[in-house]
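One structure below.
The values are calculated or read from the model by the stated rules, or taken from the named source; none is laboratory data. All figures in this text were calculated on a predicted structure; none of them were measured in a lab. Quick reminder, even Gly has a Cβ in these numbers, built from the backbone with ideal geometry, and neighbours come from all protein chains shown. Ligands, DNA and RNA are excluded from the accessible area calculation, which covers all protein heavy atoms including side chains. Shrake-Rupley method; radii C 1.70, N 1.55, O 1.52, S 1.80 Å.
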Amino acid sequence: MNTGALAGLKVLDLSRVLAGPWAGQLLGDLGADVVKVERPGAGDDTRAWGPPWVKDANGADSRQAAYFQCANRNKRSIAVDMATPEGQALLRELATQADVVLENFKVGGLAPYGLDYASLQALNPRLIYCSITGFGQTGPYAPRAGYDFLIQGLGGLMSLTGRPDGEDGAGPQKVGVALVDIMTGLYATIAVLAALNHRHATGEGQQIDLALLDVQVAALANQAASYLTTGASPRRMGNAHPTIVPYQDFPTADGDMILAIGNDGQFARFCAAAGHPEWSADERFATNPARVTNRAVLIPLLRQATVMKTTAEWIALLESQAVPCGPINRLAEVFADPQVIARGLKIDLPHPAFGSVPGVANPIRLSASPVSYRQAPPTLGEHQAQVLADWLGR
């Protein structure tokens, strides 16, 4: 039985690829009944974004991409051609029963089908309609398509990511996952929950206008604050931190490790453990502002010390002294980590076509209404009859 925090909530998910589906999956994890609407014959674009492909029950490659699996559990799939009058009428009927609609079409893209906010709100005034676009519903860029990579560049994230100018391999870099899409999915979920609370108080639905660019700029956080305070654009610093030292990667005898020293006490304990207590007494390094100012002097000294022990030796030593540190793991090492195992972050879900499919657990831990995993990512149109019966009584 579904006892999740959002049990009873009906979500009509018209979105594709990642930002919208990520929000839909999160709402589904929390108990909502999420119906994913897909194109007949093709489905969500990410079903074909392989290899790698999901393995079937015999261990052979299927034709469903691993990518699709990351954002579509706890959903029921129906296949509807919204280009036809029949498909449009069916989706409008489903929208009259929905609490939430998620969509990520271009601005105005759903109006010709009668599936835009104004059309559906007239049918269901309590509807919460979440529109995810690259640039929002207003402004000179509103008609443009938006993609995570493009937004990472346009929104400033790539200017902050990568090796510093003058080093080998210098230049702007994107983050290794589609982070803007993921953050937008999280903001979308928060916005839906806020709109639900407003509806609970007033009975009113509303439209949510969420743009990837807005999310990216908002998530610049301290870097944006530094620029707005000083007028100087922050520069790329590789793995170093602009305002905390030492807070970066360091070489060891057999690889690399991360030091994440956030205060002067931690720095003093590190110096003692490294056999150089004089560093923490040196006025050039005694405080974090002094260490930031004298970064170019201090970091080479630390690097000369860290290469004297292996990564494992440093971690054992520094953890015993409450100095924040850690390895730089590949994903094989991540999912073999005892803490990751203890927290159950890898899950396997039964699948009607593939036997089972692996995934990553939802990180939200609720004591009274926990997340549940009721449905593996669906096959295309898997729940057509079931959804029509449950939502429309057909």
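Looking only at region 258-275, which residues are touching a residue at least 40 places away in the same chain (Cβ under 8 Å), touching a helix residue (DSSP H, G or I) at 6+ places or on another chain (Cβ under 9 Å) and open to solvent by 60 Å² or more (accessible area, probe 1.4 Å)?
Hits for region 258-275 are ARG269, ALA272.
Only one of ALA240, ALA232, ALA219, ALA211 is aliphatic (A, V, I, L, M), under 24 Å from GLN173 (Cα atoms) and surrounded by fewer than 14 Cβ atoms within 10 Å (Cβ to Cβ). Can you tell me which?
Among ALA240, ALA232, ALA219, ALA211, only ALA232 is aliphatic (A, V, I, L, M), under 24 Å from GLN173 (Cα atoms) and surrounded by fewer than 14 Cβ atoms within 10 Å (Cβ to Cβ).
For the condition under 32 Å from the mean Cα position of the chain (by Cα) and open to solvent by 50 Å² or more (accessible area, probe 1.4 Å), what is the one hit in ALA312, ALA281?
Residue meeting the stated conditions: ALA312.
For region 81-92, does any single residue satisfy the condition of being surrounded by fewer than 18 Cβ atoms within 10 Å (Cβ to Cβ), part of a strand (DSSP E or B) and of a type outside the set (Val, Ile, Thr)?
no
Search region 294-309 for residues being touching a residue at least 24 places away in the same chain (Cβ under 8 Å) and not hydrophobic (A, V, I, L, M, F, W, C), and hand back the single one that is least open to solvent (accessible area, probe 1.4 Å).
THR306
Restricting to region 120-149, and then to whatever is of a type in the set (S, T, N, Q) and either under 14 Å from ASP209 (Cβ atoms) or assigned to a helix (DSSP H, G or I) (or both), can you tell me which residue is most open to solvent (accessible area, probe 1.4 Å)?
THR138
Conditions (1) open to solvent by less than 50 Å² (accessible area, probe 1.4 Å); (2) among the β-branched types (Val, Ile, Thr); (3) modelled with pLDDT of 95 or more, marked per residue:
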{"residue": "ILE151", "(1), (2), (3)": "yes, yes, yes"}
{"residue": "GLY156", "(1), (2), (3)": "yes, no, yes"}
{"residue": "ASP165", "(1), (2), (3)": "no, no, no"}
{"residue": "VAL177", "(1), (2), (3)": "no, yes, yes"}
{"residue": "PHE250", "(1), (2), (3)": "yes, no, yes"}
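Would you mind finding the one in ASP33, ASP29, ASP56, ASP45 that is of a type in the set (Asp, Glu) and either over 23 Å from SER131 (Cα atoms) or without any contact (Cβ under 8 Å) to a residue 24 or more places away in the chain (or both)?
Answer to the selection: ASP56.
So VAL54 fits all but one of (1) touching a helix residue (DSSP H, G or I) at 6+ places or on another chain (Cβ under 7 Å); (2) within 19 Å of LEU186 (Cβ to Cβ); what number is the exception?
The number of the failed condition is (2).
Looking at region 300-394, what helices (runs of 4 or more DSSP H) fall wholly within it and have at least 1 residues that are under 27 Å from VAL37 (Cα atoms)?
384-392
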